[in-house]
Amino acid sequence: MRRKCSILSGTLLCLAAVAASAQPQTVEQKAEVCAACHGAKGIPVDKTYPVIWGQHQGYLYLELRDFKSGARKNDLMTAVVADLSRDDMMALAAYFAKKTWPDLRQKSAPDAEAAVANRVNVSIGCTGCHLGQYQGDATVPRLAGQQHDYLLKSMRDFRSRARANNPGMTDLMKATAEADLAPEADFLAGH
Amino acid sequence: MLMPDMPVLRRLAVMASVAAAGLFNIGSALADETKPATLYGDMSSVTQDMLDRAGQNGNDFLLTNGNYSQQRFYPNAQINRGNVARLRPAWIFQTDLMESMETSPIIVNGIMYVTTSFDHVYALDARTGEELWHYQQKLGPITTYCCGPNNRGVAVYGDAVYLATLDSKLVALDAKTGKVKWSSDIADPEAGYSETMAPTAVDGKILVGTNGGEYGIRGFVKAFDAKDGHVIWTFYTIPEKNLGVWAEKDATGRDLHRDIATEKANAPQATELYKRLGGGVWQNPSVDLATRRVYFSVGNPSPDLDGAARPGDNLYTDSLVSVDLDTGKYICHFQYVPHDVWDLDAVSPTVLVDAMDNDGKVVPAVMEGGKTGHVYVNRRSDCGLIRFSEAMVPQENMWTLPTAAGARMLPGANGGVEWSPMATDPSLGLVYAINLHQPMTYTVTSAPYPNGKLWLGGAFAVIPTEAQWGNITAVDYNTGKIRWQVKTPEPMIGGILATAGGLVFTGEGNGRFAAYDSANGSRLWQFQAGAGVNAPPSSYNVDGKQYIAVAAGGNVQLNYKRGNAIIAFTLPE
């Protein structure tokens with residue numbers, strides 16, 4: 001069974017359908033709605049939407065929790081999580097964590113941009129948390145190969161506090177020069 | 001968690017185990033022979049009597065810091081000033097994981113127990129480095145740790161090996177097989193709790209503190225029953241009444257520049273403060289068996305740099321605390337830095353010695369190496385300060401308050417002395433500490449508590465244009481004077497061991513592991529380990545040969561080159 005959800009206007013309709021169905025749903029069924037935006041094969045339908053396939057379970061869960069509590073704000077996601085319980089969120093997180101990270105075929109950054117990213121890493125220590133090769137672990141997200149435009153948007157959102165659910169990342173992004181963010185996103189997307 | 005998600009690391013691990021099998025396991029042909037007896041015969045079970053006498057035992061290394069006093073003084077002189085120049089590797093064991101290592105090897109009757117990042121435990125034949133078993137904790141989905149996926153080692157007691165994990169569990173393993181006997185929850189990782197310390201086993205209890213001062217936790221030390229893992233007592237390092245005495249000065253008498261009027265005005269609203277005021281306990285407590293008291297150091301308040309939301313002295317953060325071993329009841333405390341807004345806290349483990357008080361009387365004392373760069377010497381009876389040492393690293397602009405733009409102050413937020421345990425040589429009256437010199441700026445920003453996520457209230461940033469370095473410092477604890485100092489090219493983190501051979505052993509981020517004359521600091525031997533040696537060394541004796549063992553795995557926090565080696569050194573035949 002595949003629900004039809006159009007990206008722009010259909011979300012709420014599609015969610016209403018979820019809420020209305022009386023049958024208990026399996027995690028696969030609960031995950032169907034996600035594909036409308038995060039992609040049926042893990043490749044998001046919009047450049048500014050993140051990859052969630054193969055992302056770490058703990059991180060996925062915390063983000064769903066934060067969307068639900070309002071600590072992280074996004075109109076699309078707020079609607080998605082409204083009726084999810086903690087167990088639902090944990091199960092969805094486990095479900096997507098087990099999937100394989102998709103290859104978005106993003107180009108590796110030119111040397112000059114990689115050099116900027118390395119300099120940023122020396123001064124801020126990104127890999128102290130995001131770990132070697134920016135693979136993340138547990139509650140720290142994988143950045144390597146994430147959608148380019150989403151990476152750039154999230155770094156800017158941390159900086160401006162539009163994304164305020166991690167003051168630590170906000171402080172680190174404030175300590176990073178605005179001009180370094182674009183090369184950083186190029187580097188991470190192609191890493 | 002790690003292995004399925006990280007193909008790169010897995011490949012490295014496979015390579016490493018191939019290398020270990022092919023090249024490095026010198027002497028593995030001996031593996032099938034029976035093991036000759038050592039001092040304790042064939043006892044592989046650890047009794048309380050053995051632990052009580054660990055400090056006089058020149059065969060085993062039974063407690064994280066050598067003995068319950070945590071002196072890290074090893075009573076075996078076979079390797080000594082006269083022959084250390086000939087020390088060479090006996091074997092190298094490579095773990096499955098190329099990541100930061102902070103483990104203190106524990107050795108029981110020829111069996112060595114070591115841990116790695118992400119909570120792997122290995123039992124090794126201490127003569128050969130041959131692997132006897134390997135345990136990997138299946139970490140839950142949520143782990144919250146600020147400073148690397150580290151683990152500092154196990155505790156041994158009875159027939160079990162105890163591990164505290166990143167997802168905040170205490171696990172008892174069968175010492176012979178590595179199979180899980182039981183597992184208990186210590187605290188909720190979603191609320192910011194995690195474990196990297198080695199537990200301490202004493203009298204049927206397993207004592208463990210908690211990380212989380214960077215996450216808005218309520219710190220504690222808990223005692224678990226060694227048999228079944230139930231909680232016997234919990235001491236919260238943050239009491240409900242934590243305002244204190246509105247101290248204007250730190251332990252050394254320097255002005256903290258607090259705005260006490262504003263703090264007092266904010267205090268009535270701060271009734272829930274204790275639930276998220278931090279106060280992690282990162283390292284093992286010392287145990288005074290005569291008085292049945294334990295002593296430990298308590299870390300920073302949360303959030304680290306922003307004091308606005310936490311009026312008062314923030315008891316018992318940045319403090320020495322003593323509690324009753326049997327009940328966990330408070331006995332006394334001494335706060336080194338009231339209302340800390342620099343994270344210049346107390347993390348290095350406490351050390352018990354007998355020291356001269358200010359009337360020239362020798363009294364039971366307890367020492368702590370502060371991130372401030374001072375060694376503090378306190379009375380064990382009432383926790384009161386006897387003296388503090390000369391500063392071991394440059395101090396500048398103390399205590400300048402953090403600003404929105406960033407204010408420079410020395411030492412940087414890693415110290416001074418980080419979590420690295422100190423060593424002592426009671427016959428010389430010296431305590432040895434390894435230090436960092438990292439000029440930093442301290443920046444403050446206010447943000448509400450982000451629910452179990454990193455909460456620093458600002459940032460510490462290394463000033464890239466200023467030189468960083470480290471040192472090894474020997475302090476006379478009866479006077480507080482520095483006896484000798486050796487400068488190292490990089491900030492030091494890991495640990496140090498003193499031996500009856502008149503030596504101290506310690507390692508550096510650049511891979512150098514070296515022995516120094518404990519009386520004057522002259523370097524007598526060195527070895528290049530190929531990866532950062534940022535873990536405390538241990539020593540042991542099997543078949544009449546003394547060994548020095550240390551991990552070379554590098555360090556996440558200071559980004560020192562990663563490795564995966566446990567190296568055991570001995571003298572040639």
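For the reader, a short list of remarks on this structure follows.
- By the helix-only formula, in which each DSSP H run with n ≥ 4 contributes -39500 (n - 2.57) and the sum is divided by residues, chain B has a 222 nm mean residue ellipticity of -1500 deg cm²/dmol.
- Inter-chain Cβ neighbour average for residues A:160-172, partner chain, 10 Å: 5
- Mean Cα-pair separation over length for the range A:111-189, i.e. relative contact order, pairs under 8 Å, 6 or more apart, %: 38 percent
- Highest to lowest packing among A:172-183, A:57-68, scored as the average C-beta count within 10 Å: A:57-68, A:172-183
- Backbone N within the range B:310-334 under 17 Å of label point (7 Å from B:VAL363 Cα along the Cβ vector): B:320-322, B:331-334
- Partner lysines for B:LYS487 [C-alpha distance under 29 Å; skip if fewer than 8 residues away on the same chain]: B:LYS371, B:LYS561
- For the range B:484-551: relative contact order, % (alpha-carbon pairs under 8 angstrom, 6 or more apart): 27 percent
- Ranking B:GLY563, B:VAL347, B:ALA175 by how far each Cα lies toward the positive end of the dipole of the protein assembly as shown (charges on Cβ) leaves B:GLY563 at the top.
- Summarising the label geometry, the points placed 7 Å from Cα in the beta-carbon direction at A:ARG119 and A:GLU178 lie 1.8 nm from one another.
- Against the main long axis of the alpha-carbon atoms of chain B, helix B:7-19 sits at an angle near 40°.
- Taking a Cβ cut-off of under 9 Å around B:ASN150, the surrounding Lys, Arg, Asp and Glu residues balance to a net charge of -1, with basic ones at +1 and acidic ones at -1.
- Backbone N within the range B:536-573 under 16 Å of label point (7 Å from A:GLN133 Cα along the Cβ vector): B:562-563
- Shown is the FRET efficiency for B:ARG86 and A:ARG156, computed with R0 = 56 Å from the Cβ-Cβ distance and rounded to the nearest 0.05: 0.40.
- Hits among lysines - C-alpha to C-alpha of A:LYS99 under 16 Å, sequence gap 8 or more where chains match: A:LYS30, A:LYS41
- Ordered by solvent-accessible area of protein heavy atoms (1.4 Å probe), largest first, the residues B:PHE296, B:PHE527 come out as B:PHE527, B:PHE296.
- Taking the DSSP beta bridges with both ends in chain B, the antiparallel portion is around 95 percent.
- Computed P(r) (all Cα pairs; the protein assembly as shown; 10 Å bins; percent): 3, 14, 25, 26, 19, 10, 3, 1, 0
- 23 Å Cα-Cα reach of B:LYS179 towards lysines, excluding residues that sit fewer than 8 places from it in its own chain: B:LYS35, B:LYS138, B:LYS169, B:LYS205, B:LYS227
- Per residue, chain A reaches -17000 deg cm²/dmol at 222 nm when only DSSP H runs of four or more residues are counted, each adding -39500 (n - 2.57).
- Label zone (B:GLN269, point 7 Å along Cα-to-C-beta; backbone nitrogen cut-off 15 Å) within the range B:437-465: B:446-449.
- Residue-level accessible surface for A:TRP53, protein heavy atoms, 1.4 Å, Å²: 40 Å²
- For B:ARG293, residues with placed amide H under 5 Å, excluding near neighbours: B:ASP288, B:LEU325
The values are calculated or read from the model by the stated rules, or taken from the named source; none is laboratory data. In this text, all values refer to a predicted model and were calculated from it rather than measured experimentally. When we count neighbours, we look across all protein chains shown, and the Cβ atoms used for this are built from the backbone with ideal geometry, even at glycine. Only protein heavy atoms, including side chains, enter the accessible area calculation; ligands, DNA and RNA are left aside. Shrake-Rupley method; radii C 1.70, N 1.55, O 1.52, S 1.80 Å.
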